[in-house]
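First comes the structure, then the notes that go with it.
Each reported figure results from applying straightforward, stated rules to the coordinates on display, with no laboratory input. Keep in mind it's a predicted model, so treat the numbers as computed, not measured. Positions of Cβ are backbone-derived with ideal geometry, glycine not excepted, and every protein chain shown enters the neighbour counts.
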């Protein structure tokens, strides 16, 4: 099993839903899946298996979940596979679910059961042919490069007023800005949010400059705990976060000073916490998905380091994943961002040049989070690694992120 989450944004770059893209088997190990064999075993839906195993709250913070369903699995017993509220699940299918009686009746049954429906890969010239399906769906995904949204908006408002429009393949900030300013779409999918907005200003804000200073202190091979603690003491958010975390880790500790908390963590754990916490603060004015990607990449790189023969470098790989979007955090090209934040030559080579011993693992993680299953499967064959090893590491990274990011909401130990 392989699975990843693709975010769907609104016009304010807030994530409103996630699409779960999944693959049940490695297509290189089972070449029959490349043909009609992909329908084998379609009585169970991989995306729903992932949602069910982790829970909607853990997986997506309770947001709506889009799950791919093929034209055979749509007839499966979905109720027995999904135990949560039906309204949280959107069944996403494509043009292979045709406007015939058996499909129309099945879609009506699913709607009556409370499920939401979404369709994709229907060309404009097919709208009339698929009108019986379009009248039932809640969402339609449209490739914004192949449609005039001004015309489409009028058409859908008139003919299908209850359908929400989702723009897909929005891969640049310019496209996103143009689409949101023009209106018409309800949600947006693409990699636009990962790209830095290049600032005309030469200096970063004083707040971010302080965070960069702290990163450079802790990433010095011989950094001193007291020096790091001294910088943390000047930022209320970091102080509260550090003291809360350390007090949760211990029982009746009563730790009240930054220096005491730093000493309790020790150099290695303090370094990891500072890199994580500061990255979160650097993303405070960014779409929340940026820090989510940063942290999940970091944790995943750390967890799968042994797969790539890099177990001894897991801490370095954590940092590489964390800083893989440092350009977006600082609104600078990657080269300039890395000149501000001191990292090892190996991390720099991977992030800037796509070269060196860390590059393969970064490429693999990006392919995985993008749902590029053909490339992921190819590399797993070469590495002689089972899908489950990577899938387990990814789901653990999701759980770790949830526990870390929302730790402030959890009560401290007594």
Query raised in the report: So which residue, out of 272, 353, 259, gets the largest mean-square fluctuation from a GNM of the chain using Cα contacts under 10 Å as springs?
Result: 353
Report task. Quick one: compute the contact order of segment 336-389, relative version, from alpha carbon pairs under 8 angstrom and 6+ residues apart, as a percent. Result -> 17 percent
Report summary line: Expected max-MSF residue from 278, 124, 343 in the GNM of the chain (alpha carbon, under 10 Å) is 124
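Restricting to the chain, what percent of DSSP beta bridges are antiparallel, rounded to 5?
In the chain, DSSP labels about 30 percent of beta bridges as antiparallel.
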Report summary line: Shape call for segment 206-409, from the Cα gyration tensor axes a ≥ b ≥ c (a/c under 1.5 means rounded, otherwise prolate when a/b beats b/c, else oblate), comes out prolate
Report task. Using a/c under 1.5 as the rounded threshold, could you call segment 45-203 rounded, prolate or oblate? The axes a ≥ b ≥ c are square roots of the C-alpha gyration tensor eigenvalues, and prolate needs a/b larger than b/c, oblate otherwise. Result -> oblate
Report summary line: Once normalised by the length of the chain, the mean sequence separation of its alpha carbon contacts under 8 Å that are 6 or more apart gives a contact order in percent of 15 percent
Query raised in the report: What is the calculated FRET efficiency for residue 75 to residue 10, with r their C-beta to C-beta distance and R₀ = 35 Å, to the nearest 0.05?
Result: 0.60
Requested in this report: Using only alpha carbon pairs under 8 Å that are at least six residues apart, calculate the relative contact order of segment 2-194 and give it in whole percent.
Outcome: 17 percent
Query raised in the report: According to a simple spin-label model (label point 7 Å from Cα along Cα-to-Cβ), what is the distance in nm between residue 186 and residue 370?
Result: 2.9 nm
Query raised in the report: Using a ≥ b ≥ c from the Cα gyration tensor of the chain (square roots of the eigenvalues), is it rounded, prolate or oblate, where a/c under 1.5 gives rounded and otherwise the larger of a/b and b/c decides, a/b for prolate?
Result: prolate
Query raised in the report: Points 7 angstrom from Cα along the Cβ direction at residue 158 and residue 342: gap in nanometres?
Result: 6.5 nm
**Report entry** Separation of the residue 171 and residue 44 label points, Cα + 7 Å toward Cβ, nm
**Finding:** 3.5 nm
Query raised in the report: Based on the Cβ-Cβ distance of residue 216 and residue 145, what FRET efficiency does E = 1/(1 + (r/R0)^6) give at R0 = 60 Å, to the nearest 0.05?
Result: 0.90
Query raised in the report: For residue 108 and residue 268 in the same chain, what is the full-extension length gain: residue separation times 0.36 nm, less their Cα-Cα distance, in nm?
Result: 51.9 nm
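Can you give the FRET efficiency to the nearest 0.05 for residue 128 and residue 335, using r as the Cβ-Cβ distance and R₀ = 60 Å?
Plugging the Cβ-Cβ distance into 1/(1 + (r/R0)^6) gives 0.75.
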